[in-house]
Amino acid sequence: MLRPQDTATRERKNLDGLWDFRIDRDGVGRAENWQDAPLPHARPMAVPASFNDLVLDKADRDHFGDLWYATTVRVPRGWDGQRITAYVESATHRATVWVEGTEVGSHEGGYLPFEIDLTDVVRPGEEFRLTFCVNNTLSFESIPPGVIEPDVAGIPRQRYWHDFFNYAGIHRSVWLAASPKERIEDVTVVTDIEDATGVVRVATDAAASGNLTVRTILADAEGVEVARADGVRTELRVPDAHLWAPGRGYLYDLLVQLLDGDDLVDEYRVAVGIRTIEVRGTQFLVNGEPVYFTGFGMHDDHNAIGKGHSDANLLRDFACLEWINANSVRTSHYPYSEAFMDHADEMGIMVIDETPAVGLNMGIGGGIFGTQGYTTFSPETVNDATQANHAAVIRELIARDKNHPSVVLWSLANEPESETDAAADYFRPLFDVAREADPTRPVSIVNVMMARYPTCKVAQFCDVFMINRYYGWYVFLDELDIAEQAWRGELEGWASEGKPIIITEYGADTLAGLHDLKGGPWSEEYQRAYFEMNSRVFDSVDAVVGEHPWAFADFQTTPSIVRVDGNKKGIFTRERHPKGIAHYLRERWAAIEPKR
Ligand code: GCB
């Protein structure tokens, strides 16, 4: 599946805007076939956006179940003879789609795209009604998992174990797209460096009769052709190549053409960054050079639109990353938009690309506290069906993001239970799935405090250790001296394993503007002392090759006695204003040298 593009042979039409919307409070829409006619009693809803913060009624905001969206689309009249598809960048957490009353497709998983072939059900020049039933419930089998259980009054509630609000809706763009019937179906690019020569290996899949040929043409950032070759597998060599590197997002433009003799049948473009990644001992190397990750675990979370994509917010977030001297991010705790990945390529930001597998740990919830009382891995809870869905999102994520030079590491899950044999059995095959789908990048999971060294049974499969720790916050609060000792002690254990370590989370909730001469928790002074302590620990352990404070910005969560209008561990506020700690990190990261 290729993301829609405008090229000499392809066209796309953006369907964003105000759609008709209805919350299916009583869960009757499917039985009443709401897809068969214009949505009854509809109100407008923005696409893309989470619906939750655009409705003010609490029961609406917290609704779990079906959400109906509908719009009218006119197919461009010039699209005769083309393959016509709908491409949905993200519908959270699953969707069924109808054209007029006919079901045309469905997709499980809230943060990855899907495509539906509409060729046989729509006509160029004519209008059709496009209806989505988006469902936002989480179950033990979904990724991420959740459960619906009655509260004390017997009212069913959606519970989940992750610490961010379950925003839902059509979160990213929806496209109508046209491509030729004989076409390029997939392009896979792998790069290498031999002395100063960049090597770009291109594998092309095409849906075409045997007599067509594939041509690959590479141009530099100025548009000057630097290499070309014909074939479904080509190797393009670029002498004195400009390399893609952290802070230097140099991109070549790869044009893939499908030809019938000299006639162009289809063409598709891929941005290519020439770079290598290698894990060697305790080092993480990009282009043979050790790197030190500075940056954040982030959230796709903004005022009013929740997890809806906005180009403006994207630019503002990247401006903050640049200002603070970040060279990397983790897409905690789900894949981000394709626009985000493109921009990371362009800005030279390294991405730890994470699946939505968060909260596979019934021992925690909402950070540390929360719904408990379940066994994580069991036939009734996280089970074989969950694992199959997890494998599917790994494959879909890698299929979507494999060509982004910014992606340097796959994160298969955030803080799953990993200290049990059941966890090892669950994860072993998932690492195989990832490595089969992409043999070129390291793979890992993000380790949780309860699986502290040496108890983690999944660490054995990880190429890099990613560790979340809150010494000085969830443990040893306001006892930073003891926290420092305990933290260093544990980290030295991990370091003895001989793999690179990235600290993927550490942080302290801080209310912007709260000051305290005695430096107590929640104050800006405490955040500062907490970060200085952590910096000392990281600087004393050679195997630590990166630090990602939690979190980039304050973000919304479910209400809880440990959350004040959300999680306040942000280095920036939710409005993206810097807290005092941002200036500390900015200076520290400006001076940081990779450990050699
Ligand atoms: C964690 C989770 C993250 C939470 C954070 C916290 O370990 O990975 O999703 O938000 O802790 O602040 O509790």
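The values are calculated or read from the model by the stated rules, or taken from the named source; none is laboratory data. Just so we're clear, the structure is a prediction, and the values are computed from it rather than from any experiment. Here the Cβ is made from the backbone with ideal geometry for all residues, glycine too, and neighbour counts use every protein chain on show. The protein model used for the area step is the full one, side chains on, heavy atoms only, and it has no ligands, DNA or RNA in it. Shrake-Rupley method; radii C 1.70, N 1.55, O 1.52, S 1.80 Å.
Within the range 494-511, which residues are in a loop (DSSP other than H, G, I, E, B) and within 16 Å of the ligand (Cβ to nearest atom)?
Initial filter on the range 494-511 (in a loop (DSSP other than H, G, I, E, B)): 496-500, 506-509, 511.
The answer is Tyr506, Gly507, Ala508, Asp509, Leu511.
With Arg275, Arg269 as the choices, which residue is surrounded by fewer than 23 Cβ atoms within 10 Å (Cβ to Cβ), at pLDDT 95 or above and away from the ligand (no atom under 16 Å from the Cβ)? Full working, then the answer.
Values: Arg275 fails: surrounded by fewer than 23 Cβ atoms within 10 Å (Cβ to Cβ).
That would be Arg269, the only listed residue that is surrounded by fewer than 23 Cβ atoms within 10 Å (Cβ to Cβ), at pLDDT 95 or above and away from the ligand (no atom under 16 Å from the Cβ).
Does Arg574 fit the bill of being crowded, with 17+ Cβ neighbours inside 10 Å and not in a helix (DSSP H, G or I)?
Details: crowded, with 17+ Cβ neighbours inside 10 Å: yes; not in a helix (DSSP H, G or I): yes.
Yes.
Leu412 passes all but one of (1) in contact with a helix residue (DSSP H, G or I) (Cβ under 8 Å, 6 or more places away or on another chain); (2) away from the ligand (no atom under 15 Å from the Cβ); (3) of a type in the set (A, V, I, L, M); which number fails?
Going through the list (1) in contact with a helix residue (DSSP H, G or I) (Cβ under 8 Å, 6 or more places away or on another chain); (2) away from the ligand (no atom under 15 Å from the Cβ); (3) of a type in the set (A, V, I, L, M), Leu412 breaks only (2).
Residue-by-condition table, conditions (1) open to solvent by less than 20 Å² (accessible area, probe 1.4 Å); (2) within 16 Å of the ligand (Cβ to nearest atom); (3) touching a residue at least 60 places away in the same chain (Cβ under 8 Å):
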residue	(1), (2), (3)
Val279	no, no, yes
Tyr292	yes, no, yes
Glu322	no, no, no
Ser337	yes, no, yes
Ile349	yes, no, yes
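Within the range 171-182, identify whether any single residue is of a type outside the set (D, E, K, R), closer than 22 Å to Ile274 by Cα and away from the ligand (no atom under 16 Å from the Cβ), and answer yes or no. Show your work before the answer.
First, the residues of the range 171-182 that are of a type outside the set (D, E, K, R): 171, 173-180.
Now narrow it down to the ones that are closer than 22 Å to Ile274 by Cα: none.
No: the range 171-182 contains no residue that is of a type outside the set (D, E, K, R), closer than 22 Å to Ile274 by Cα and away from the ligand (no atom under 16 Å from the Cβ).
Can Asp263 be described as without any contact (Cβ under 8 Å) to a residue 12 or more places away in the chain and either touching an Asp or Glu at 6+ places or on another chain (Cβ under 9 Å) or not aromatic (Phe, Trp, Tyr) (or both)? Walk me through it before giving the result.
Working: without any contact (Cβ under 8 Å) to a residue 12 or more places away in the chain: yes; either touching an Asp or Glu at 6+ places or on another chain (Cβ under 9 Å) or not aromatic (Phe, Trp, Tyr) (or both): yes.
Taking the combined requirement at face value, the residue satisfies it.
Mind listing just one residue for me: the one in the range 38-89 that is over 26 Å from the mean Cα position of the chain (by Cα) and polar (S, T, N, Q) and, of those, farthest from His107 (Cα to Cα)?
Among those that are over 26 Å from the mean Cα position of the chain (by Cα) and polar (S, T, N, Q), it is Gln82.
Spot the failing condition for Thr131; the list is (1) in contact with a Gly (Cβ under 9 Å, 6 or more places away or on another chain); (2) open to solvent by less than 60 Å² (accessible area, probe 1.4 Å); (3) in a loop (DSSP other than H, G, I, E, B), and only one is missed.
Going through the list (1) in contact with a Gly (Cβ under 9 Å, 6 or more places away or on another chain); (2) open to solvent by less than 60 Å² (accessible area, probe 1.4 Å); (3) in a loop (DSSP other than H, G, I, E, B), Thr131 breaks only (3).
For the range 577-595, check the following and say yes or no: at least one residue is among the aromatic types (Phe, Trp, Tyr) and either crowded, with 23+ Cβ neighbours inside 10 Å or within 16 Å of the ligand (Cβ to nearest atom) (or both). Lay out the reasoning, then the answer.
Going through the range 577-595, the residues among the aromatic types (Phe, Trp, Tyr) turn out to be 584, 589.
Among the residues that remain, those that are also either crowded, with 23+ Cβ neighbours inside 10 Å or within 16 Å of the ligand (Cβ to nearest atom) (or both) are: none.
No, that holds for no residue.
Out of the residues in the range 49-61 that are farther than 17 Å from His171 by Cα and out of contact with any strand residue (DSSP E or B) (no Cβ under 8 Å at 6 or more places or on another chain), which is least open to solvent (accessible area, probe 1.4 Å)?
Within the range 49-61, the subset farther than 17 Å from His171 by Cα is 56-60.
Cutting the leftovers down to out of contact with any strand residue (DSSP E or B) (no Cβ under 8 Å at 6 or more places or on another chain) gives us 56-59.
Details: Leu56: 168, Asp57: 73, Lys58: 140, Ala59: 53 Å².
Filtering the range 49-61 for residues that are farther than 17 Å from His171 by Cα and out of contact with any strand residue (DSSP E or B) (no Cβ under 8 Å at 6 or more places or on another chain), the one least open to solvent (accessible area, probe 1.4 Å) comes out as Ala59.
Within the range 192-202, work out how many residues are assigned to a strand (DSSP E or B) and surrounded by fewer than 24 Cβ atoms within 10 Å (Cβ to Cβ).
Looking only at the range 192-202, we keep the residues that are assigned to a strand (DSSP E or B), and these are 192-194, 197-202.
When the remaining residues are screened for being surrounded by fewer than 24 Cβ atoms within 10 Å (Cβ to Cβ), the result is 192-194, 197, 199, 201.
The qualifying residues number 6.
Can you pull out every residue in the range 536-555 that is more than 16 Å from the ligand (Cβ to nearest atom) and either open to solvent by 10 Å² or more (accessible area, probe 1.4 Å) or among the acidic types (Asp, Glu) (or both)?
Listed by number, the residues that qualify are Arg536, Asp539, Ser540, Asp542.
Would you call Asn403 more than 27 Å from Thr191 (Cβ to Cβ) and either open to solvent by less than 10 Å² (accessible area, probe 1.4 Å) or away from the ligand (no atom under 16 Å from the Cβ) (or both)?
On the way: more than 27 Å from Thr191 (Cβ to Cβ): no; either open to solvent by less than 10 Å² (accessible area, probe 1.4 Å) or away from the ligand (no atom under 16 Å from the Cβ) (or both): yes.
No; evaluated as a whole, the condition is false for this residue.
Name, by its number, the condition in (1) in contact (Cβ under 8 Å) with a residue 40 or more places away in the chain; (2) open to solvent by 10 Å² or more (accessible area, probe 1.4 Å); (3) touching a strand residue (DSSP E or B) at 6+ places or on another chain (Cβ under 7 Å); (4) more than 16 Å from the ligand (Cβ to nearest atom) that does not hold for Asp151.
(1)
Mind telling me which of the residues Thr331, Thr371 ends up being at pLDDT below 95 and either more than 30 Å from Pro150 (Cα to Cα) or within 16 Å of the ligand (Cβ to nearest atom) (or both)?
Numbers: Thr331 fails: at pLDDT below 95.
Step by step, each of Thr331, Thr371 is checked, and only Thr371 is at pLDDT below 95 and either more than 30 Å from Pro150 (Cα to Cα) or within 16 Å of the ligand (Cβ to nearest atom) (or both).
I'm trying to understand the selection: among the residues of the range 441-493, which are within 12 Å of the ligand (Cβ to nearest atom), within 26 Å of the chain's Cα centre (by Cα), open to solvent by 10 Å² or more (accessible area, probe 1.4 Å) and among the hydrophobic types (A, V, I, L, M, F, W, C)?
Met449, Met450, listed by residue number.
What is the number of the single condition among (1) within 16 Å of the ligand (Cβ to nearest atom); (2) among the acidic types (Asp, Glu); (3) open to solvent by 40 Å² or more (accessible area, probe 1.4 Å) that Asp432 does not meet?
(1)
Going through Ala46, Ala42, Ala95, Ala86 one at a time, which residue ends up being in contact (Cβ under 8 Å) with a residue 12 or more places away in the chain, open to solvent by 10 Å² or more (accessible area, probe 1.4 Å) and under 30 Å from Arg269 (Cβ atoms)? Working first, answer last.
Values: Ala42 fails: under 30 Å from Arg269 (Cβ atoms); Ala95 fails: open to solvent by 10 Å² or more (accessible area, probe 1.4 Å); Ala86 fails: open to solvent by 10 Å² or more (accessible area, probe 1.4 Å).
On inspection, the qualifying residue turns out to be Ala46.
Restricting to the range 149-184, what's the tally of residues that are outside any loop (DSSP other than H, G, I, E, B) and within 17 Å of Asp53 (Cα to Cα)? Walk me through it before giving the result.
Restricting attention to the range 149-184, the residues satisfying the condition of being outside any loop (DSSP other than H, G, I, E, B) are 149-150, 156-160, 169-170, 174-179, 183-184.
Now narrow it down to the ones that are within 17 Å of Asp53 (Cα to Cα): 169-170.
Residues meeting the conditions: 2.
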